[in-house]
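Visitor: Structure incoming, see below.
The values are calculated or read from the model by the stated rules, or taken from the named source; none is laboratory data. Predicted model only: the values in this text are computed from it and were never measured. Positions of Cβ are generated from backbone atoms using ideal geometry, with glycine treated the same way; all protein chains shown enter the neighbour counts. Just so you know, the surface numbers come from the protein's heavy atoms only, side chains and all, with ligands and any DNA or RNA stripped out. Shrake-Rupley method; radii C 1.70, N 1.55, O 1.52, S 1.80 Å.
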Amino acid sequence: MIWLDVPVEVLFAGTEHAMRFLILTEPADPAEVPAMGRYHEELVRAGVLLSGDLTAGFWLVEVDSPATAAEWGRRAPSDTVEIREVHDEFRSVRQAVPPWDD
């Protein structure tokens, strides 16, 4: 089962930056560690992994859309996967404030 906190259909075309998502699974039992390790390596090879802990069952990824995050979530070797968007409030404020005039 995959839970998304944003609709998969929402594609943020034209965004100026990638989006960050937490992919959360149940902590791995010892028998699942090899599969979690392979998944972790897939994320590294794809260049989307920012941080993660395969035994704790979480990965912070940077991708271009919620749909891409959902696809990575589907690949996770777990029956239960939760995907949450991580909002970068500082980046939002920085983009909203015009440059200072000197």
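Visitor: Do you know which residues across region 52-61 are assigned to a loop (DSSP other than H, G, I, E, B), within 15 Å of residue 38 (Cβ to Cβ) and either open to solvent by less than 60 Å² (accessible area, probe 1.4 Å) or touching an Asp or Glu at 6+ places or on another chain (Cβ under 7 Å) (or both)?
Guide: Within region 52-61, 54, 57 qualify.
Visitor: For region 24-51, what are the residues that are outside any helix (DSSP H, G or I) and in contact (Cβ under 8 Å) with a residue 24 or more places away in the chain?
Guide: Hits for region 24-51 are 24, 25, 26, 27, 28, 48, 50.
Visitor: Looking at this structure, is residue 34 modelled with pLDDT of 80 or more, of a type outside the set (D, E, K, R) and over 14 Å from the mean Cα position of the chain (by Cα)?
Guide: So residue 34 fits the description; yes.
Visitor: A further question on this structure: Just checking, which of 79, 64, 102 is surrounded by fewer than 12 Cβ atoms within 10 Å (Cβ to Cβ) and at pLDDT 85 or above?
Guide: Exactly one of 79, 64, 102 is surrounded by fewer than 12 Cβ atoms within 10 Å (Cβ to Cβ) and at pLDDT 85 or above, namely 79.
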